[in-house]
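*Asks:* The following block contains the structure, expressed as structure tokens.
The values are calculated or read from the model by the stated rules, or taken from the named source; none is laboratory data. Computed from a predicted model, the values in this text were never measured in an experiment. Please note: Cβ atoms are built from the backbone with ideal geometry, for glycine as well, and neighbour counts cover all protein chains shown.
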């Protein structure tokens with residue numbers, strides 16, 4: 001596991017693309033907001049950070065480079081808790097090198113912001129839960145039991161948590177996803193890189209009942225509503241019928257649901273759900289069926305084994321290891337521009353249901369999950385369910401919430417079944 005730098009870990013297989021795509025005003029990350037039922041004590045929160053830092057060496061960490069590769073370097077000095085700042089402000093190169101894991105607080109909110117090269121949403125959620133659990137132990141002597149989502153911080157990190165499981169579970173055959181140039185939402189973004197967030201909360205039962213009515217999952221339902229909403233946006237801004245493009249929504253997939261992995265590093269890929277311009281004339285039930293079929297196919301274990309094999313193929317060649325890092329980044333940056341965000345118009349990332357020990361839940365009002373808006377279009381969407389409520393968080397760089405209005409209107413009409 002150890003890299004060339006003392007006490008470091010090689011960057012996981014998917015992480016380098018986030019570093020290659022980084023720009024002065026863009027760092028691909030995510031934000032988790034835990035809203036407590038009381039005002040947060042910053043001093044106690046700092047003590048909690050101090051307690052958990054060494055426990056999560058691949059998440060509370062910086063990223064440094066040598067001539068050939070990047071390394072995850074665990075923080076020996078705990079990061080300083082800061083007052084909540086602009087949402088998902090870009091991380092500087094210096095910040096990424098020192099610690100690409102932020103802890104912020106304001107009023108009754110505990111906030112973590114994590115550079116995607118360190119972890120995916122699952123890993124970030126586990127570390128955030130551990131932080132909140134430790135805070136409650138220090139503040140209220142709450143006896144929080146050890147669970148998958150609230151690990152023991154009094155022991156060392158387990159080997160399985162530090163593993164790069166893309167290599168562990170790669171299939172023998174590699175298959176590249178189909179790439180296509182799809183519709184992109186208009187930018188209309190302002191120059192100050194202010195990330196605005198619009199959040200709407202629904203009763204989980206309302207969305208689950210609607211999904212069950214149509215015979216689909218909640219993720220399928222939300223993805224279909226998103227695709228239809230983006231298509232409506234295209235109708236508003238693209239007058240010529242013949243120039244309409246397909247709409248493609250990226251749905252991140254937590255691979256731990258398919259493979260027995262316990263890693264806290266990145267271990268997710270994605271499905272691409274497509275809606276063709278002619279699909280506008282189909283009923284919503286037909287659109288749901290199409291999106292559901294696409295998700296079922298692309299989230300099957302066999303499909304993901306080939307996708308993982310494709311993602312790890314280059315790294316398995318000895319020649320790749322000998323290529324200077326600067327050249328690797330140039331190639332990956334170009335690939336990201338051509339095949340990455342061009343291949344979809346928005347992500348809808350569903351963290352699923354967050355289950356915490358009852359001793360913790362009584363202190364927590366809500367949990368929210370936000371993604372950095374994309375570089376080519378000004379939106380992204382994060383979804384999380386906690387304590388019977390589904391929180392849908394749109395993050396955007398543009399001034400006006402046009403897409404959110406369309407999405408929530410469509411969703412609410414679907415819920416009126």
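*Asks:* Let me spell it out: the conditions are (1) touching a helix residue (DSSP H, G or I) at 6+ places or on another chain (Cβ under 6 Å); (2) over 30 Å from residue 379 (Cβ atoms); (3) modelled with pLDDT under 85, and residue 45 meets all of them except one. Which number is the exception?
*Replies:* For residue 45, the exception is condition (3).
*Asks:* Restricting attention to region 398-405, does a residue exist that is touching a residue at least 24 places away in the same chain (Cβ under 8 Å), surrounded by 17 or more Cβ atoms within 10 Å (Cβ to Cβ) and not in a helix (DSSP H, G or I)?
*Replies:* yes
*Asks:* What single numbered condition from (1) surrounded by 13 or more Cβ atoms within 10 Å (Cβ to Cβ); (2) in the same structural domain as residue 403 (by TED's automatic domain parsing) fails to hold for residue 131?
*Replies:* Result: residue 131 passes all but (2).
*Asks:* Just to check your reading of the model, which residue among 37, 51 is at negative phi, in contact with a strand residue (DSSP E or B) (Cβ under 8 Å, 6 or more places away or on another chain), touching a residue at least 60 places away in the same chain (Cβ under 8 Å) and assigned by TED's automatic domain parsing to the domain that holds residue 102? Step through it out loud before you land on a result.
*Replies:* Numbers: 51 fails: in contact with a strand residue (DSSP E or B) (Cβ under 8 Å, 6 or more places away or on another chain).
Step by step, each of 37, 51 is checked, and only 37 is at negative phi, in contact with a strand residue (DSSP E or B) (Cβ under 8 Å, 6 or more places away or on another chain), touching a residue at least 60 places away in the same chain (Cβ under 8 Å) and assigned by TED's automatic domain parsing to the domain that holds residue 102.
*Asks:* Tell me whether region 1-22 contains one or more residues that are over 18 Å from the mean Cα position of the chain (by Cα) and within 18 Å of residue 133 (Cα to Cα).
*Replies:* Looking through region 1-22, none of the residues is over 18 Å from the mean Cα position of the chain (by Cα) and within 18 Å of residue 133 (Cα to Cα).
*Asks:* Still on this structure, I have one more. Only residues that are modelled with pLDDT of 85 or more, assigned to a loop (DSSP other than H, G, I, E, B) and within 25 Å of residue 350 (Cβ to Cβ): list them for region 1-18, please.
*Replies:* The answer is 12, 15.
*Asks:* Here is a follow-up. What number of residues within region 364-383 satisfy the criterion of being outside any strand (DSSP E or B) and buried (at least 19 other Cβ atoms within 10 Å of the Cβ)?
*Replies:* The qualifying residues number 5.
*Asks:* Do the conditions hold for residue 307, that is, is it more than 21 Å from the chain's Cα centre (by Cα) and farther than 30 Å from residue 414 by Cα? Steps first, answer last, please.
*Replies:* Working: more than 21 Å from the chain's Cα centre (by Cα): no; farther than 30 Å from residue 414 by Cα: yes.
When the stated conditions are applied, residue 307 does not pass them.
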